[in-house]
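The values are calculated or read from the model by the stated rules, or taken from the named source; none is laboratory data. In this text, all values refer to a predicted model and were calculated from it rather than measured experimentally. With ideal geometry, Cβ positions are generated from the backbone for all residues, glycine too; neighbour counts draw on all protein chains shown. What goes into the accessible areas is simple: the full protein's heavy atoms, side chains included, and nothing from ligands, DNA or RNA. Shrake-Rupley method; radii C 1.70, N 1.55, O 1.52, S 1.80 Å.
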Amino acid sequence: MKVFCLLFLLLSASACTSSELKSFTPGEVWRDNKGVHINAHGGGILYQNDVYYWYGEHKTEGQGGNTANVGVHCYSSKDLYNWKDEGIVLSVMPENSGHDIEKGCILERPKVIYNAKMKKYVMWFHLEPKGIGYRGAKSGVAVAEKPVGPFTFVKSLRPNAGHFPMNYPEEMKNAPDRTEGLKFGGGSVPKHPDLLNIVKRDFEGGQMARDMTLFVDDDGKAYHICASEENSTLHISLLTDDYLSHSGVYGRFFVGRFMEAPAMFKKDGKYYLIMSGCTGWTPNAGRSAVAPSVFGPWTELGNPFVGEDSELSFHSQSTYVLPVQGKKNGFIYMGDRWNPSNAIDGRYIWLPIRFEDDRIIINWMDEWSIE
Ligand code: GAL
């Protein structure tokens, strides 16, 4: 018995040391505590009670794996290198149930924030009802009592119905919507968005919301940041105090710049955004911007990626910027290296962010650690 115990201890100790990760290896297969490639794409992180929770799209094999066949996956970690599988925290509903999040819908870029007032975990995601491609351009909301769920679907919506953006010129509020008869395919629009007056078109039903993120400021106010107006323009909206709805207070920024994949963070009282251009799953040159307040004015800072393959953001697209706890000015760029033909094999590109004055700089590293 003694020999058996000793053998067991030795075996488990060696298993522990050999599986313990101490660095990031961008672009490699990242395994969870069960040895399975982490499945949390377009993700974001919540830090709560000394634990990091990583939420992302659970993708499946093949091209069809880009639609939501399973739901939102969650992992937890204390050190950001070693991740424990916490399972599916928001499940899609059965096929043909007619539910907003039925199997086969498009559910992308889930982000979770904690509402201290309500003591609830609130998830927002980009939702495209099943079978209509990306024409729905909606947001979905789900809530949970615990960070590891289960999350309950609350509603889907188009943001800010019946409200004009705070920075929308009076003359445009009164001008006609000029989108009739035009076809929109997700890419560039036939005219500058201001000439089309897409905001006016969507005034009653709510504004379009595709690629998105959430940001909680130091004062507890939360914001929903999304690609709107046929992807042409970024909308930044203040959420209500319970984080469950749009407040109707919002602004439009980077008009006609087609910013996607927004990730917002705050450093030394200034607000930063890392974004991408609009080329679907194909990578493009990243973008960045700085502002003295969430609602601007935003100044573009250019492509934060430097060196070889910077024009393709090191074959990645932004999804989140993670403030490292206890590390002053320690921020991690989190990006996805998509694999649209075999969605489940998408990889994670996490790299440290450096600052040169206001500029954000991201260099490639094969392997690195926070220390
Ligand atoms: C990307 C977007 C992804 C996904 C993809 C679909 O531009 O960032 O989240 O929507 O397009 O083609």
Worksheet item: residue 315 label point, 7 Å along Cα→Cβ, cut-off 18 Å on backbone N: hits in the range 341-371?
Response: 341-351, 363-368
Worksheet item: For residue 117, which aspartates and glutamates qualify as cross-link partners when the Cα separation must be under 17 Å and same-chain residues fewer than eight apart are set aside?
Response: 145, 217, 218, 219, 241, 242
Worksheet entry | Whether the range 201-270 is rounded, prolate or oblate, judged on the alpha carbon gyration tensor where a/c under 1.5 counts as rounded | oblate
Worksheet entry | Average Cα contact separation per residue, the chain, under 8 Å, 6 or more apart, as relative contact order % | 14 percent
Fill in: Cut-off 10 Å between beta-carbons: net charge of the residues surrounding residue 347, Lys and Arg +1, Asp and Glu -1
-2
Fill in: Candidate lysines - alpha carbon under 20 Å from residue 183, same-chain residues fewer than 8 apart omitted
138, 191, 200
Response to the item:
If each K or R counts +1 and each D or E counts -1, the residues other than residue 28 whose Cβ falls under 11 Å of its Cβ total +1
Response to the item:
Taking the chain and counting helices only, DSSP H stretches of n ≥ 4 at -39,500 (n - 2.57) each over all residues, the nearest-500 ellipticity at 222 nm comes to -2000 deg cm²/dmol
Item to complete: At 7 Å along the Cα-to-beta-carbon direction for both residue 365 and residue 182, put a label point, then send me their distance in nm to one decimal.
Response: 4.4 nm
Worksheet item: Where a Cα-Cα gap under 30 Å defines reach, which lysines qualify for residue 22, not counting those fewer than 8 residues away within the same chain?
Response: 34, 59, 78, 84, 111, 146, 266, 267, 327, 328
Worksheet entry | Contour excess over end-to-end distance, with Cα ends at residue 51 and residue 327 and 0.36 nm allotted per residue | 97.8 nm
Discussion item. Please give the Cα centre distance for the range 276-297 versus the range 76-120, rounded to the nearest Å.
Written reply: 25 Å
Worksheet item: In a shell of Cβ-Cβ distance under 14 Å around residue 250, excluding residue 250 itself, what net charge do Lys and Arg (+1) and Asp and Glu (-1) give?
Response: +1
Response to the item:
Here the relative contact order (percent) of the range 102-156, from C-alpha pairs under 8 Å and at least 6 apart, is 29 percent
Worksheet item: Got a sec? Charge dipole of the chain, +1 on Cβ for Lys and Arg, -1 for Asp and Glu; which of 292, 52, 143 is way out at the positive end?
Response: 143
Worksheet item: Relative to the longest principal axis of the chain, what angle (0 to 90°, nearest 10) does the C-alpha long axis of helix 2-19 take?
Response: 30 degrees
Response to the item:
The answer for residue 320, listing residues at least 5 apart or on another chain whose modeled amide H is closer than 5 Å to its amide H, is 334
Fill in: Protection proxy ranking, peptides 146-152, 218-224, average beta carbon neighbours within 10 Å, highest first
146-152, 218-224
Worksheet item: Rounded if a/c is under 1.5, else prolate if a/b is larger than b/c, else oblate: which is the range 254-371, with a ≥ b ≥ c the root eigenvalues of its Cα gyration tensor?
Response: oblate
Practice prompt. Using the heavy atoms of the protein chains and a 1.4 angstrom probe, tell me the accessible area per residue for the range 119-272 in square angstrom.
Written response: 40 Å²
Discussion item. Using the crude model of +1 on Lys and Arg Cβ and -1 on Asp and Glu Cβ, and no other charge, please compute the dipole size for the range 40-157 relative to its Cα centre, in debye to 20.
Written reply: 420 debye
Worksheet item: For the range 40-157, which whole percent of the accessible surface, found with a 1.4 angstrom probe, sits on carbon and sulfur atoms?
Response: 51 percent
Worksheet item: Under the definition of Cα pairs under 8 Å and six or more residues apart, what whole-number percent is the relative contact order of the range 155-208?
Response: 59 percent
